[in-house]
Amino acid sequence: MDLRFDSDGGVVSIRASGVLTHRGSVLLQERSGDSVWALPGGVVRFGEASPDALEREFLEELGWNVHASDPLAILESFFEHE
């Protein structure tokens, strides 16, 4: 089950994204449906650690086995969906 729930009229969704570099380039992935480029990743499942979620998402979306190291940053974003 994805770690996503309603809270005070909004939706809380816990996500993990990864920065993968190779020869000075950073991997970006085009999100389906909205033509936005972003770091690969996805929703953290209930009981799942963020690094484990990131490794699972890379395998599911890209077919790559990666090792997620310590967090580079923690970001909080608040926005409204229409």
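Worth a mention:
- On inspection, Phe5 qualifies as of a type outside the set (Val, Ile, Thr) and either in a strand (DSSP E or B) or in contact (Cβ under 8 Å) with a residue 60 or more places away in the chain (or both).
- Qualifying residue in the stretch 65-80 (condition: over 15 Å from the mean Cα position of the chain (by Cα), without any contact (Cβ under 8 Å) to a residue 40 or more places away in the chain and assigned to a strand (DSSP E or B)): no
- In the stretch 18-44, the residues that are loosely packed, with under 10 Cβ neighbours inside 10 Å form Cβ pairs under 9 Å with partners that are assigned to a loop (DSSP other than H, G, I, E, B), at six or more places apart or across chains, as follows: Thr21/Leu27; Val26/Val19; Val26/Leu20; Val26/Leu39; Trp37/Leu28; Trp37/Arg31.
Computed from the coordinates by the stated procedures, all read-outs in this text should not be read as laboratory data. Predicted model, so just to flag it, every value in this text is computed and none were measured. Using ideal geometry, Cβ is built from the backbone for each residue, glycine included, and neighbour counts are taken over all protein chains shown.
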